[in-house]
Amino acid sequence: MIVLGIETSCDETAAAVVNGEGEILSNVVLSQIEAHAPYGGIVPEIAARAHLDHVDAIVARAMAEAGVDWGDLTGVAATAGPGLIGGVLVGIMTGKAIAFTRGLPFAAVNHLEGHALTARLTAPAGDDLAFPYLLLLVSGGHCQLLSVEGVGRYRRLGTTIDDALGEAFDKTAKMLGLGYPGGPAVERLAAMGDADRFSMPRPMKGRPGCDFSFSGLKTKVRQTIEALPHGPLQERDAADIAAAFQTAAADTVADRTAHAIATFKADHADADVLVVAGGVAANTALRERLSRVASDHGMRLVAPPPALCTDNAAMIAWAGIERLRLGLEDGLDFKARPRWPLDPEAPKRAFAGAKA
Ligand code: KG4
Ligand code: ZN
């Protein structure tokens, strides 16, 4: 099986070719960071136009780097949501056009399912990472804990009631004058800071359930900056705030994840894998904290390599392979879905399925 994957739901135009053995034959990601940087965040209309300008060349490059021909493909997968609708439309139409002209099966992939199944793509040979596993999905638009029971089968245990974790990182970065995207910049600065100098809240910590909240933490970052002597923010102060923020965020996530482990284990006593995925899973401090939580509860943490945690098309191609293998082919009339929660039964929350 050889599948071409296309990802255009946010600010990366990406295409990749992956085979059924989980080998990534090519993985091309064109970031639009520079186009959005002057605005301090993603501008949907700019994103959609940039996807349109570049998607054909990126697909051609992914095919060339993989050394495959159209005739070698067994399927085409494209992100069909959730995400910024203009971008999603560009990717899904490109995928459908290729599938139609080459007579190939088409998989309309939920971007979140791409993140959720990446750990099965990157698992080393001999470790097939069987279902079920517990998933912490932390990205710019999502912060969810899910029981992954199978392809297309998810049960949401918790989600954010306000900001996503990546969003909290990005907003903190903006307040610290670090530019966009903020997560990696906050992490770099935090490494030089003293996490104990400023106290930060741990929202929801100790509360029943597995939901998250980050708006109070964000407010505290703002108040801490405002309480400093006026004038340009000193690097020492910024580093200490970044460190305090990151530690508080990791602490909160660890607490919520511990609750989710208890809920998950009640249904799946023998399951022992916690997977972390999504852009914020690239954060080393968070990974270390989660690794401890997992081992404290007799579980192991599985985290894909950072480059496959942030948005890419290899995860979309792989989700396509998982779906097509099960005969889950989609029609060319499949409509793009700006909102598309993984667990349709879960109660609606502000950010559930908003973007990835
Ligand atoms: O999954 P993703 O690439 O894109 C979407 O959200 O669709 O996640 C991007 C998010 C951004 O908020 C970015 O700041 C955050 O992931 N991020 C990080 C790190 N790398 C990316 N946050 C904290 N530490 C990092 N090293
Ligand atoms: Zn994503």
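Can you pull the semi-axes for the chain, root of five times each eigenvalue of the Cα gyration tensor, sorted largest first, whole Å? Walk me through the numbers on the way to the answer.
Values: eigenvalues 228, 117, 56 Å².
They are 34, 24, 17 Å, listed largest first.
In terms of other Cβ atoms within 10 Å, Val90, Val221 run from fewest to most in the order Val221, Val90.
For region 93-165, what does the alpha-carbon gyration tensor say about shape, rounded, prolate or oblate, given a ≥ b ≥ c as the root eigenvalues, a/c under 1.5 as rounded, and a/b over b/c as prolate? Here region 93-165 falls in the oblate category.
Counted by neighbouring Cβ atoms within 10 Å, the residues Glu235, Glu113, Glu65 run from fewest to most as Glu235, Glu65, Glu113. With one equal scatterer per alpha carbon and no solvent term, the Debye-computed log10 I(q)/I(0) for region 57-108 at 0.20, 0.21 1/Å reads -0.71, -0.77. Comparing Leu89, Leu332, Leu117 in a Gaussian network model of the chain, where Cα atoms under 10 Å apart are tied by springs, the biggest mean-square fluctuation is seen for Leu332.
Evaluated at q = 0.25, 0.26 Å⁻¹, a Debye calculation over the C-alpha positions of region 174-247 (equal weights, vacuum) places log10 I(q)/I(0) at -1.21, -1.28.
Each helix, a run of at least 4 DSSP H residues, gives -39500 (n - 2.57); summed and divided by the residues of the chain, these come to -13500 deg cm²/dmol at 222 nm.
Once whole DSSP H runs in the chain are found, which of them have Cα atoms spread over 27 Å or more along the helix axis and a mean Kyte-Doolittle score of at least -0.5? The partial results should precede the final answer.
Working: long enough: 44-66 (31 Å, 0.28); 235-267 (48 Å, -0.04).
Span-like helices here: 44-66, 235-267.
Taking a cut-off of 27 Å, what percent of all Cα-Cα pairs in region 215-351 are separated by more than that? Mind showing how you got there, number by number?
Details: 4020 of 9316 pairs.
That tail contains 43 percent of the Cα-Cα pairs.
Here, each number is a calculation from the coordinates, and none is a lab measurement. Predicted, not measured: the structure shown is a model, and the values here were computed from it. Neighbour counts run over all protein chains shown; Cβ positions are idealised from the backbone, glycine included.
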